[in-house]
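Reading through the structure tokens given below for one structure.
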Amino acid sequence: MSFYVDGLNFSCIRCSSCCRHESGFVFLSEKDLLSLERALSLLRPQFIALYCRWVRSGSLQLLSLKEKSNYDCIFWKDACSVYHARPLQCRSFPFWESILSSSDTWEAATLSCPGIGSGRHYSVAEIDAWIKKQDDAILIEKVVSHW
Ligand code: SF4
Ligand code: SF4
């Protein structure tokens, strides 16, 4: 039985710490890419060249957003500049399997996100719906080429 049978509380207080100052990956699905391309009126090759990087994962490379030299997300400009088209990985936080794997991982996440554990109540059904969306997402990937 999961530790969150009674649901969990979370409200983003917009401290921005999950978008800034620390290196990390924001992996993109096909749906994410389409939303961002539309929001910025860019064709895919332009969008990828400007805002994305390929990240090695085993024999694959996954498409992630770029970071600035200070590790802020490439779309951080006093706030998320693509908020309405932000990727599922951003929208679904903190309802990620890695954070929900135990009460300890949930508690540990409160150290970096002050919104976790207070504010809006999410039912198990709502939390599971976020997990399902992530499971259903098809990440953009390509096979690593060997020279
Ligand atoms: S770290 Fe948490 S509270 Fe701060 S912006 Fe991110 S989700 Fe919101
Ligand atoms: S896309 Fe927006 S919400 Fe996601 S990490 Fe970048 S700035 Fe933050």
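The values are calculated or read from the model by the stated rules, or taken from the named source; none is laboratory data. Only a predicted model underlies this, so the values are computations on that prediction, with no experimental measurement involved. Cβ coordinates were reconstructed from backbone atoms using ideal geometry, including for glycine residues, and neighbour counts include every protein chain displayed. For the accessible areas, the whole protein counts, side chains as well, though only heavy atoms, and no ligand, DNA or RNA atoms are used. Shrake-Rupley method; radii C 1.70, N 1.55, O 1.52, S 1.80 Å.
Side notes on the structure shown:
- Sites listed here are chymotrypsin sites (Phe, Trp or Tyr not before Pro) in segment 32-73 whose DSSP assignment is loop and whose Cβ has at most 14 other Cβ atoms within 10 Å: 71.
- Cα gyration tensor category, rounded, prolate or oblate, for segment 36-82 with a/c compared to 1.5: oblate
- Share of carbon and sulfur in the accessible heavy-atom surface of segment 16-132 [1.4 Å probe, %]: 57
- 10 Å binning of all Cα-Cα separations within segment 8-143, expressed as whole percents from 0 upward: 11, 39, 37, 12, 0
- Surface accessible to a 1.4 Å probe, per residue, for the residues of the chain, Å²: 62
- Taken as Cα centroids, segment 86-145 and segment 1-52 sit 11 Å apart, rounded to the nearest whole angstrom.
- Adding -39500 (n - 2.57) for every DSSP H run of four residues or longer, then dividing by how many residues the chain holds, sets the calculated 222 nm ellipticity at -9000 deg cm²/dmol.
- Lysine pair count for the chain (Cα-Cα distance under 24 Å; residues 8 or more apart in sequence or on different chains): 13.
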